Amino acid sequence: MSTSHETTDVGVHDMAADRRNGVTGPRGFRACGVAAGIKSGAALDLALIVNDGPGQQAAGVFTTNQVKAAPVLWSEQVLRERKLRAVVLNSGGANACTGPEGFQDTHATAERAAELLGTGAIEIGVCSTGLIGQRLPMPALLEGLDTAVTGLDDTELASTDAASAVLTTDTHPKQVCLTHPDGWSIGGMVKGAGMLAPNLATMLAVVTTDAGVEGETLQRALRQACGGTFERLDVDGGTSTNDTVLLLSSGASELAPAEAEFTELLTRVCGDLVRQLQHDAEGATKAIDITVRGAASEEDAVSIARLVAEDNLVSAALFGSDPNWGRIAMAVGRSAVTIDASAMEIIANGVTLYSRGTPVADRDTVDLSGRDIEIVVDLHLGDHGATVLTTDLSHDYVEENSAYST
């Protein structure tokens, strides 16, 4: 199977997306979200997602950060078997940089969930999100698991509660479910609002399907889907210690789609979740698409688009609705990719501002006052392209991240 992502569409266009449901949309899954007391107050902070089968194939993609949280190390380990019965997720603490004791806490979480579900700890994935460097309140977490098991359900409310239980600085739960015309479905939920960058974006995501798909096929499909979606969201260049995307297959539809067909729908589900992440990023007032086309390779296009997306001067200008194309040209020019400035074009919301070495339109002809902004850089060097999603650098983003740990 080709691993190219250049034609990947990160939106859902020709199939209705159901955002009232997520992980319990496909058959064979139950979920629950509870307030275990990991966070202060009565906020939901512990989610449990269970695969009731008949199949229990699974796959995962994890952060590339060399500082990996304990639940990442655990889940990477257990997924070598390509099988999961359940996933436990908590907010209120990342359980990262917590030493051997933190890994023991993750193991204890898996052991308790396994005991309650009548399976082995090796079939339990664990995900955590929150502040780095603090151990989790294990008595509260383990007691919360007891409560979560008794509340498991396959309803839309159960799915929404699970998605709500993993929120940190997010403002609302993010989920979606798509059903193929043949009758099998893929649903998912995701959290993430800051520390957003490839690879992946800062987030925890669980995706479920009732299609019958083997573990290695799931892994290939997930990696390809992530390559054109989660790995194309870049808000602040910060790659998290806890990034995890898990994909579980129940096979409850008794349908086994072709790999290409499954990968296509999976990519659309992941793409919808990524758009939700972009629009709910910390402090965001703009949803910005940076498209580079006419590149010599897809890798070149991604590299340049990412540089523009991460550039603070570009992001600050777009926060002010300022079509300062000179900052975009600067960001493109500092790339390690060889370009030809005399051939390049810069287009903002459909208006060409710079072409072949010279400005061609006044800045005030471009309206960037709306929420959605599209920046296109055409290198005129080849036939490849890519889009990276980002947001603006706002006052709220700086304020929120200046006091996250306090």
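The values are calculated or read from the model by the stated rules, or taken from the named source; none is laboratory data. No experiment lies behind these values; they were computed from the predicted model shown. Reconstructed Cβ throughout: ideal geometry from the backbone, glycine too, with neighbour counts over all protein chains shown. Surface accessibility is based on the protein's heavy atoms, side chains included, excluding ligands, DNA and RNA. Shrake-Rupley method; radii C 1.70, N 1.55, O 1.52, S 1.80 Å.
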- Query: Among A31, V72, V245, whose Cα sits farthest toward the positive end of the charge dipole of segment 29-279 (+1 at Cβ of Lys/Arg, -1 at Cβ of Asp/Glu, about the Cα centre)?
  - Reply: V72
- Given the protein chains as shown and a 1.4 Å probe, how many square angstrom of D364 are accessible, to the nearest 10? 130 Å²
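On average over all directions, what projected area in square nanometres does segment 29-279 have, based on the convex hull of its Cα atoms?
Averaged projected hull area, Cα only: 11.5 nm².
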- Message: Along the Cα→Cβ direction, 7 angstrom out, place labels at A258 and D146. What is the inter-label distance in nm?
- Response: 5.2 nm
- Message: On a full-extension model of 0.36 nm per residue, what is the gain between M138 and S40, subtracting their alpha-carbon distance, rounded to one decimal in nm?
- Response: 33.8 nm
- Item | Electrostatic dipole magnitude of the chain [Cβ: Lys, Arg +1; Asp, Glu -1; Cα centre; debye, to 20] | 560 debye
- Task: Please report the orientation-averaged projected area of segment 287-403, defined via the convex hull of its C-alpha atoms, in nm².
- Result: 6.9 nm²
- Item | Label-point separation in nm, R20 to R371, each point 7 Å along Cα→Cβ | 2.1 nm
- Message: Between F103 and Q77, what is the label-point separation in nm under the 7 Å Cα-to-beta-carbon projection?
- Response: 0.6 nm
- Rounded to the nearest 10, the angle in degrees between the Cα long axis of helix 99-117 and the longest principal axis of the Cα atoms of the chain comes to 60 degrees
- Under a 1.4 Å probe, counting only protein heavy atoms, C127 has an accessible area in Å², nearest 10, of 0 Å²
- One finds, for V67 and I122 with R0 = 22 angstrom and r their Cβ-Cβ distance, a FRET efficiency to the nearest 0.05 of 0.35
- Task: Could you pull out every one of the aspartates and glutamates with an alpha carbon less than 12 Å from that of K83, ignoring same-chain neighbours closer than 8 positions?
- Result: E123, E214, E216
